[in-house]
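Novice: Below is one structure. I have some questions about it.
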Amino acid sequence: MSDSLNAGKLWFLGAGPGAADLLTVRAARALAAADVVVWGKALMTDGVVEEHARAEAELVSWPPAEMADIHAVYDRAAQEGLVVARLLWGEPSLYGSVRDEVRAARERGLDYELVPGVTSLFAAAAALEIELTIAPQSSRPLILSQGRGDPVPVRELARHGATMALFMVGERAEELQRELIAGGYEAGARCAIAHRVTWPQEVVLTCRLDELAATIAARDLDRHTIILVGPALEADGPGVSPPS
């Protein structure tokens, strides 16, 4: 798609992990030019919109908006020549429903562009001061999963011994802990919990794998949380540990 800021266009923008200053320059420019901004208030800080959107831009928050309401905005864009910025949490290619969004734009004959963003996984790695693809002795694979709904169960993925990043699984921490250990990770393996990284109330800490569920429950971190486990957490480095 063209990278010019034209009327009658949909911008699908990677909004980053939450902090307003982690948008790319291109995403910030597109957001500043938008007539309508569709954003997930629960998934990013207010500053993303307050700092980058025009004061007169129409804001559509989901929820309470549903997909039918968002598609109605796309219809208006086609009919009225509006520029719409659709903010997608983190990096749109990771659990961002990109195919559905692109299909909606094409069905309406709208010009569109996808702008990549900073995934919350990379923000978590930065906070933990780790290199995701390195182990103490060599480079290792990196596996990303949602756990639920994936064709390969977490237990089977764990058998590879790779570093794993598990998205949106905090509410299933007890089951996840059990499956990771059954798949081959040691009960005492170091794992990390990253909750709302880059937000003012972020929580980033490490614990033993067999303490994962209890740690999440104790701090009420069952939502908006990424869990990491594997060789990258075992490599030498300061990382982050729970406060004493």
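Novice: Between 0 and 90 degrees, rounded to the nearest ten: what's the tilt of helix 173-182 against the longest Cα principal axis of the chain?
Specialist: 50 degrees
Novice: So, one more: Short version: ³J(HN,Hα) in whole Hz for each residue of the stretch 192-204, in order, from phi by Karplus 6.51 cos²θ - 1.76 cosθ + 1.60 (θ = phi - 60°), x for Gly and Pro, what are they?
Specialist: Listing the rounded values in order: 10, 10, 10, 10, 6, 4, 6, 7, x, 9, 4, 10, 9 Hz.
Novice: Using 1/(1 + (r/R0)^6) with R0 = 41 angstrom and r between the beta carbons of L59 and H160, what's the FRET efficiency to the nearest 0.05?
Specialist: 0.40
Novice: Just to be sure I understand the model, the point goes 7 Å from the Cα along the line to the Cβ. What's the resulting A187 to E129 distance in nm?
Specialist: Spacing of the two 7 Å Cα→Cβ label points: 3.1 nm.
Novice: Considering only S145, S61, S97, give the residue with the highest GNM mean-square fluctuation for the chain, with springs between Cα atoms whenever their separation is below 10 Å.
Specialist: So, out of S145, S61, S97, the one fluctuating most is S97.
Novice: Could you put E56, E80 in order, starting from the residue whose Cβ has the fewest other Cβ atoms within 10 Å?
Specialist: E56, E80
Novice: Can you compute the FRET efficiency between A78 and R103 using 1/(1 + (r/R0)^6), with r the Cβ-Cβ distance and R0 = 22 Å? Round to the nearest 0.05.
Specialist: Numbers: r = 14 Å, r/R0 = 0.64.
Computed FRET efficiency for A78 and R103: 0.95.
Novice: Any idea how far the Cα center of the stretch 21-60 sits from the one of the stretch 70-116, in Å?
Specialist: Each part reduced to its Cα centre gives a spacing of 14 Å.
Novice: Please give the helix 98-107 orientation as an angle from the longest Cα principal axis of the chain, in degrees from 0 to 90, rounded to the nearest 10.
Specialist: The helix 98-107 is inclined about 20 degrees to the chain.
Novice: Amide H to amide H, which residues 5 or more places from T163 or on other chains are under 5 Å from it, using H placed in the peptide plane?
Specialist: Counting only residues 5 or more places away or on other chains, the set is I143, A232.
Novice: Please state, as a whole number in µm²/s, the translational diffusion coefficient that the Stokes-Einstein equation yields for the stretch 1-121 at 4 °C and 1.567 mPa s, with Rh defined as the Kirkwood radius across alpha carbon pairs.
Specialist: The calculation lands on 94 µm²/s.
Novice: Compare the peptides 99-106, 196-203 by average per-residue count of other Cβ atoms within 10 angstrom and give them in order, highest first.
Specialist: 196-203, 99-106
Novice: Put +1 on the Cβ of each Lys and Arg and -1 on the Cβ of each Asp and Glu in the stretch 9-115; which of L43, A53, L88 then has its Cα farthest toward the positive end of the dipole?
Specialist: L88
Novice: Kindly rank 14-23, 42-51 from highest to lowest mean number of other beta carbons found within 10 Å of each residue.
Specialist: Highest-to-lowest ranking by the protection proxy: 14-23, 42-51.
Novice: Could you give the Stokes-Einstein D for the stretch 120-234 in µm² per second, using the C-alpha Kirkwood radius, 4 °C, 1.567 mPa s?
Specialist: For these conditions, the coefficient is 94 µm²/s.
Novice: On average over all directions, what projected area in square nanometres does the chain have, based on the convex hull of its Cα atoms?
Specialist: 13.9 nm²
FYI, it's all coordinate maths here, none of it is from the lab. As the structure is a computational prediction, the values presented were derived from the model and not from experiment. Positions of Cβ are backbone-derived with ideal geometry, glycine not excepted, and every protein chain shown enters the neighbour counts.
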